[in-house]
Ligand code: SF4
Ligand code: SF4
C-alpha cells in the first residue's frame, strides 16, 4: 500500500440531514471534489482536491455544506511549521518548483495597519463632503515646471499628455489569458463607467475591447506578446513592465493549455504553446536603454500618450525610480510584494521584494530631494485593500493606486489562491468556456463600479475630516499620518511621526 505524505488541507463538512442530493456542488466544482455515491446513496467528497473556493458552499440550496481547515496536525514546532513540512513533501514527490498565485501571504508587517489618519478638531475645521465640493479628480503625467510664453506673450502649451482619473483608483495589469474574457469585459466596462483605467497586462488586447481604448492602459512586457502599432494606438497610455511585485526579477508564464484560439490570436503566438516572457527585456540593460524604449513608444504614438514604467518594489527602489524618472517616463508604477499574480514560483512570491508602503515613502522622498518629483506621477499597487489604505498611500506620496486583488474580490474571487490551475470556479482566472460563463460581465461591471464608488465616498469623508478638499493637497502630506507600533527606523523611512507627537 502506498504511503501518503500529503494530507488534505480542508475538510468538507456536509450536513446529511439537510443535503437533498441535488448534486449542484458536483456540477459546480471544477476540482471534482463532490460526487454522488450510488452504493452509499448519498453525496461524498474527495477532500484532497478541495481548494476552499466556497463555490459549493455559496450555491448549496439547503446550506448543507461548510468547508473547515482540517485539524490534522503535523508534529510541528516553531521552526518546522506544517506548511514547511508539506512543501518539502510536495517537492520530494514532484521534483519541481512550487507554484502559487495571488500575493505574498506571509505574516510580514502590514504598514497600512500601523498608520493612523488625522482629523480636524477645533481649528482648521473639517469639511462636510455632502455640502462642499471635494476634488478627487487626478491627473497623471509630468507637470510643467512653469508657465512659458512666446515672443508675443502668448501662453505656450508645454503640457505633456496626461491621464485624467475621476477617482485616484485604477485597475492593475491582468492579462487576457491569466484572467478570463468576462473578467476583462467587467474591468473595461467599469473603467469606462467610473472615468478611470484598466490595464491589458502583457497579453495584448482582444479586438472586442478596442472600443474601451480611451480607458485602457496597454502594456509592453519583455515577451512583447500582442504588441503592434494598432495595440499601442488603442490605449490612453502605454505601460512598460520592468517588474512585478509578486515575482520581481523573473518573467511570466502562461501554460500552453490556457492558450486557446482567442488567446493565441490576441497574443500573436501559436495555439497551445507556452507563453513565456523572459526575465529581462533583451534590449534593456541600463536607464539609457530604457529611455530608448520610452521614446520609441512615444515616437510610435506621436507623443500623444503618457508612458508608464512599472517596477517591482525591491531593495534600492528609490534609486531605481530616480533613474526611471530620468528615462523620460511620465508615470512610475511601483508594485509591492503583496501584489497578486496568476502564477508565480512560491519561493519568489513569498521571499522577494519589499513592502509597498516603505518603497513608496522612500521613492517619494528621493524624487523630492532630487527636485524631480513633478517630472513623474507615482502610482502604487500591491494590496491596497480599502479606502483607508488609499488615503494613507496618497498621504505617503502616491498620485493614485492600482487595485487588482480587491477588484477580483469584487468580481467574486474567494482567494482560494489556485489561479495557476486554470480551474477558477468563479469564472475569473480561467479560460474554460463553461467556467468563464459563470461570471456575468454586466454584474461584474456593476460590482466594480459599486466598490470604487464606495471608496470614493469614504475617501471624500476622510479627506473632509482632515480639512482637505483635494487629492493634490493630500498627496505627500505625511503630517496627516501618525505611526503606531513602529520603530524609529521605520518611522524615518515612512517619514511620519509617532502617535502622540
Ligand atoms: S449542493 Fe448541497 S444539497 Fe446539493 S448535493 Fe451538494 S451538499 Fe447536497
Ligand atoms: S481568481 Fe479564482 S482561482 Fe484565483 S484566487 Fe480567486 S477564486 Fe481562486
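Throughout, read-outs are computed from the coordinates displayed, never taken from laboratory work. Here the structure is a predicted model, which means the values were calculated and not measured. Every residue, glycine among them, receives a Cβ derived from its backbone with ideal geometry; neighbour counts consider all protein chains shown.
Relative to the compact globular guide of 2.2 N^0.38 Å, what is the alpha carbon radius of gyration of segment 350-478, as a ratio?
1.27
Evaluate the Kirkwood expression for the hydrodynamic radius of segment 10-96, namely the inverse of the mean inverse distance over all pairs of different C-alpha atoms, and round to one decimal in Å.
One over the average 1/r among Cα pairs gives 14.7 Å for segment 10-96.
Cut-off is 10 Å between beta-carbons; in what order do 181, 198 appear when sorted fewest neighbours first?
Sorted ascending by nearby Cβ count, the order is 181, 198.
Relative to the longest principal axis of the C-alpha atoms of the chain, give the angle of the C-alpha long axis of helix 287-300, reported between 0 and 90° and rounded to the nearest 10°.
Here the helix axis deviates by roughly 90 degrees.
Which residues does the label zone of residue 300 cover in segment 329-345, counting backbone N under 20 Å from a point 7 Å along Cα→Cβ?
329-333
Quick one, what does Rg over Rh come out to for segment 277-341 if you take C-alpha atoms and the Kirkwood Rh?
0.98
Over the alpha-carbon set of the chain, work out the extent along each principal axis and list the three values in angstrom, largest first.
Principal extents (largest minus smallest coordinate, Cα): 93, 58, 45 Å.
How many angstrom lie between the Cα centre of segment 460-491 and the Cα centre of segment 328-349?
Taking the Cα centre of each part, segment 460-491 and segment 328-349 sit 25 Å apart.
In degrees from 0 to 90, rounded to the nearest 10, what is the angle of the helix 181-194 Cα long axis to the longest principal axis of the chain?
30
Report the relative contact order of segment 10-96, percent, no decimals, based on alpha-carbon pairs under 8 angstrom and at least 6 residues apart.
Rounded, it is 33 percent for segment 10-96.
Can you classify segment 117-175 as rounded, prolate or oblate using the Cα gyration tensor, where a ≥ b ≥ c are the square roots of its eigenvalues, rounded means a/c under 1.5, and otherwise it's prolate if a/b beats b/c and oblate if not?
Oblate.
Report the gain in length on full extension from residue 230 to residue 73: 0.36 nm times residue separation, minus Cα-Cα distance, nm rounded to one decimal.
So the chain would gain 50.9 nm between residue 230 and residue 73.
Any chance you could give the angle, 0 to 90 degrees and rounded to 10, that helix 317-326 forms with the longest Cα principal axis of the chain?
The answer is roughly 50 degrees.
Return 479, 116 ranked ascending by Cβ neighbour count within 10 Å, so the fewest neighbours appear first.
If I rank by nearby Cβ atoms, fewest first, I get 479, 116.
Share of antiparallel DSSP beta bridges in the chain, in percent to the nearest 5?
Antiparallel bridges: around 40 percent, rounded to the nearest 5.
Taking the beta-carbon count within 10 Å as an exposure proxy, list 264, 377 from fewest neighbours to most.
In order of increasing Cβ crowding within 10 Å: 264, 377.
Two decimals is fine: what is log10 I(q)/I(0) at q = 0.14, 0.20, 0.23 Å⁻¹ for segment 300-420, from a Debye sum with one equal scatterer on every Cα and no solvent?
For segment 300-420 at q = 0.14, 0.20, 0.23 Å⁻¹, log10 I(q)/I(0) is -0.62, -1.10, -1.29.
With an 8 Å cut-off on Cα pairs and a minimum separation of 6 or more residues, tell me the relative contact order of the chain in percent.
19
For segment 407-450 and segment 94-134, what is the separation of their C-alpha centers, rounded to whole Å?
Cα centroid of segment 407-450 versus Cα centroid of segment 94-134: 24 Å apart.
What 222 nm value per residue comes from the helices of the chain, counting each DSSP H run with n ≥ 4 as -39,500 (n - 2.57) and dividing by all residues, nearest 500 deg cm²/dmol?
-8500 deg cm²/dmol
At R0 = 25 Å, how high is the FRET efficiency between residue 268 and residue 159 if r is their beta carbon distance? Nearest 0.05 is fine.
Once rounded, the FRET efficiency stands at 0.15.
I'd like the projected area of segment 444-501, averaged over all directions, using the convex hull of its alpha carbons. Report it in nm² with one decimal.
Mean orientational projected area (segment 444-501, Cα hull): 5.6 nm².
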